[in-house]
1. With (1) at pLDDT below 90; (2) outside any loop (DSSP other than H, G, I, E, B); (3) touching a helix residue (DSSP H, G or I) at 6+ places or on another chain (Cβ under 7 Å); (4) over 29 Å from residue 132 (Cβ atoms) as the list, and residue 249 as the residue in question, which single condition is left unmet?
2. Considering only the stretch 290-303, how many residues are surrounded by 17 or more Cβ atoms within 10 Å (Cβ to Cβ) and either without any contact (Cβ under 8 Å) to a residue 40 or more places away in the chain or assigned to a strand (DSSP E or B) (or both)?
3. Tell me, which helices (runs of 4 or more DSSP H) lie completely within the stretch 136-237 with 2 or more residues that are modelled with pLDDT of 65 or more?
4. Taking the stretch 304-322, which residues are in contact with a helix residue (DSSP H, G or I) (Cβ under 8 Å, 6 or more places away or on another chain) and either assigned to a loop (DSSP other than H, G, I, E, B) or farther than 25 Å from residue 334 by Cα (or both)?
5. Take residue 306 and tell me if it is surrounded by 14 or more Cβ atoms within 10 Å (Cβ to Cβ) and farther than 30 Å from residue 132 by Cβ.
6. Being at pLDDT 70 or above and farther than 15 Å from residue 150 by Cβ is the filter; apply it to the stretch 67-87 and report the residue that is farthest from the chain's Cα centre (by Cα).
């Protein structure tokens, strides 16, 4: 009877004690979260409930397994499995705690500072720091697991002796990977590009959605994702529309007839922008920038607070100006001139007239045979 009760008491007691401690800890975190609503730390720490209970259960079973006297012939193997579970759960718990602390620091910084550019920079740095911490904890946990096996401990000296050669070989083989990792750190702390920035890369306009140590993802305006190595942004030029201040100036072009009413177009542009919520009210203007034999090019300048609003302002101005011209001043729209060219005085069809008088100007609707 004692051989049956002993393992039940040891194993069952460890599990029950784990559940009680986990429940009590969770209640304390909930109470702390209600008392301190200004910080999300205590609520975020509750995400570590599962690894926390695994650590408790594995530690209690590992320490009391000898008293259970269960499966003594497999004692070494079961103890090693419990040790591996303990190491893995501890690494999981450390990552969850680090994530809670880092996310709390970021949310506090974002709440205090109103500068969107600085907040995006800190967000980029925080995300990369968490990836580095997770990688380091994972490597340390994997190494600790391997060291629990005697064969790996015995081979440790030879592994350390050959570490120099292996490091050189790995460095040569993973040269591009290492360059991307260093480029990722340079982007994170060099403030070159941040999560949420509006960029133009290889002619594609989009928003930076994700930055890791090796690649960067840009979400385009039509919901496509462009994944690029981070080393691209440290070696090639690209446009960052969110760098510094997000305010932008947009350009709208029209090709109109030479008789277009420019003063009326300037007044109409002012009226359009006053009714456009995307215009920030900083500046606007309308000028003739080029001419051709048939048309002239008119350019309008509008301002907005960011890239999204400048796009809205440009399409609104372009559409409403064309509609107004077609309704109020249709003569100002480009036309194809089908009239005969005016000849210089004293010439008719390439030859001077007999009396030296200038040829009669032919109307646009007259046929060349009307003179016969």
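1. (3)
2. Filtering the stretch 290-303 down to residues surrounded by 17 or more Cβ atoms within 10 Å (Cβ to Cβ) leaves 295-296, 298, 300, 302-303.
Going one step further and asking which of them are either without any contact (Cβ under 8 Å) to a residue 40 or more places away in the chain or assigned to a strand (DSSP E or B) (or both), we end up with 296, 298, 300, 302-303.
Residues that pass the stated criteria total 5.
3. Result: 150-154, 175-190, 232-235.
4. Filtering the stretch 304-322 for residues in contact with a helix residue (DSSP H, G or I) (Cβ under 8 Å, 6 or more places away or on another chain) gives 304, 313, 316-317, 320-321.
Matches in the stretch 304-322: 304 only.
5. Yes; evaluated as a whole, the condition is true for this residue.
6. So, considering only residues that are at pLDDT 70 or above and farther than 15 Å from residue 150 by Cβ, the one farthest from the chain's Cα centre (by Cα) is 78.
The values are calculated or read from the model by the stated rules, or taken from the named source; none is laboratory data. No experiment lies behind these values; they were computed from the predicted model shown. Cβ atoms come from the backbone with ideal geometry, glycine included; neighbour counts cover every protein chain shown.
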